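> First the structure, then my questions, so here it is.
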Amino acid sequence: MTELQIGDQKILYDRDATIAIYQCIDRSWADKCRCLSCKNFLAHRDRVYPPSFLALLDQLGIDPKKESEIIEHPILDDYARDRLHWYDGWLNFIGAFISGGDIVQAPDADHFEYYFVTGLPGIGGFYDRKPSIAIEFETPLRWIIPERPESHDTAGNTYIWTENGEHVKVKPEK
Ligand SMILES: [Zn+2]
């Protein structure tokens with residue numbers, strides 16, 4: 001395996017083994033899920049990753065269109081006005097974690113950060129595969145699909161964000 005250091009994070013990776021697994025994965029998490037959060041992510045797909053991050057994925061042997069999982073976090077007040085939603089997700093690869101460190105800010109994006117992690121589930125041939133680690137990213141993305149984003153509370157109520165940035169309860173269907 002090849003050693004790679006980014007900032008104070010250090011890992012080992014096996015590019016060929018990773019490429020071989022990605023070749024057998026047909027669809028990503030977001031492609032399979034089709035919830036509104038994933039649908040919005042897919043609408044951004046070709047613009048989500050800055051060139052420096054795409055170059056790193058290529059170095060590791062990762063197919064950028066086959067993320068293992070995407071999570072959208074509740075809208076933060078600061079971002080609601082601009083309809084920005086906070087996303088994170090990760091892509092697995094064959095390798096090993098040597099040491100963690102500070103989050104890396106991509107120099108060629110307004111707000112895109114990433115770090116190496118262990119213990120996150122993978123898709124396809126990465127599922128249950130050891131050694132498999134992942135590169136996790138976080139970035140805000142605008143809500144660009146026509147459907148309004150939904151959220152839910154513990155009582156089972158559904159809320160949507162309106163065009164004006166208001167969070168309103170949806171009347172239950174009778
Ligand atoms: Zn989804």
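> What list of ³J(HN,Hα) couplings, whole Hz, do you get for the range 98-104 from phi and the Karplus terms 6.51, -1.76, 1.60, once you set θ to phi - 60° and write x for glycine and proline?
Calculated HN-Hα couplings, in order: 9, 8, x, x, 6, 4, 9 Hz.
> To continue, here is another question. For the range 92-174, which chymotrypsin sites (Phe, Trp or Tyr not before Pro) pass both filters: DSSP loop (anything but H, G, I, E, B) and at most 14 other C-beta atoms within 10 Å? Mind showing how you got there, number by number?
Working: sites: 93, 97, 112, 114, 115, 116, 126, 127, 137, 143, 159, 161; in loops: 112, 127, 143.
Qualifying residues, ordered by number: 127.
> On a 23 Å Cα-Cα criterion, which of the cross-link pairs 39/66; 39/130; 10/130; 32/65; 39/65 come out too long?
Working: 39/66 14 Å; 39/130 30 Å; 10/130 18 Å; 32/65 12 Å; 39/65 14 Å.
Checking Cα-Cα distances, 39/130 exceed 23 Å.
> May I pose another question? Taking the Cα-to-Cβ direction at residue 113 and at residue 3 and moving 7 Å from each Cα, how far apart do the two end points lie in nm?
A separation of 2.7 nm, rounded to one decimal place.
> For the range 26-32, just list the computed ³J(HN,Hα) in residue order, Karplus coefficients 6.51, -1.76 and 1.60, θ = phi - 60°, integers in Hz, with x standing in for Gly and Pro.
So the J values, rounded to whole Hz, are 8, 9, 7, 3, 5, 5, 7.
> Along the positive direction of the dipole of the chain (beta-carbon charges: Lys, Arg +1; Asp, Glu -1; about the Cα centre), which of 99, 133, 4 reaches farthest?
So the residue we want is 133.
> To continue, here is another question. Using modelled backbone amide H atoms (1.01 Å from N, in-plane), which distant-in-sequence or interchain residues come within less than 5 Å of residue 132's amide H?
Residues meeting the criterion, in which the H sits 1.01 Å from N, are 95.
> Based on the inverse mean of 1/r over its pairs of different Cα atoms, what is the Kirkwood hydrodynamic radius of the range 2-147, in Å? Write out the running numbers ahead of the final one.
Details: mean 1/r = 0.0639 Å⁻¹.
Here the Kirkwood hydrodynamic radius works out to 15.7 Å.
> Separate question: Hydropathy first: keep DSSP H helices in the chain averaging at least -1.0 on Kyte-Doolittle, then drop any whose Cα extent along the axis falls short of 20 Å, and list what survives. Write out the running numbers ahead of the final one.
Numbers: long enough: none.
Going by DSSP H runs, there are no hits.
> Where a Cα-Cα gap under 16 Å defines reach, which aspartates and glutamates qualify for residue 169, not counting those fewer than 8 residues away within the same chain?
Qualifying aspartates and glutamates at Cα under 16 Å: 147, 150, 153.
> What dipole magnitude, in Debye to the nearest 20, does the range 2-147 give about its Cα centre under +1 on Lys/Arg Cβ and -1 on Asp/Glu Cβ?
With Lys and Arg at +1 and Asp and Glu at -1, about 500 debye.
> What does the extension gain come out to for residue 58 and residue 147, with contour length at 0.36 nm per residue minus their alpha carbon separation?
On the way: separation 89, 0.36 × 89 = 32.04 nm, distance 3.32 nm.
Once the chain is fully extended between residue 58 and residue 147, it gains 28.7 nm.
> By residue number, which cysteines of the chain lack any other Cys whose Cβ falls under 4.7 Å from their Cβ?
24, 35
Coordinate-derived values only; no laboratory data. Every value quoted in this text rests on a predicted model; they were computed, and no experiment measured them. So basically every Cβ, Gly included, is an ideal-geometry build from the backbone, and we count neighbours across all protein chains shown.
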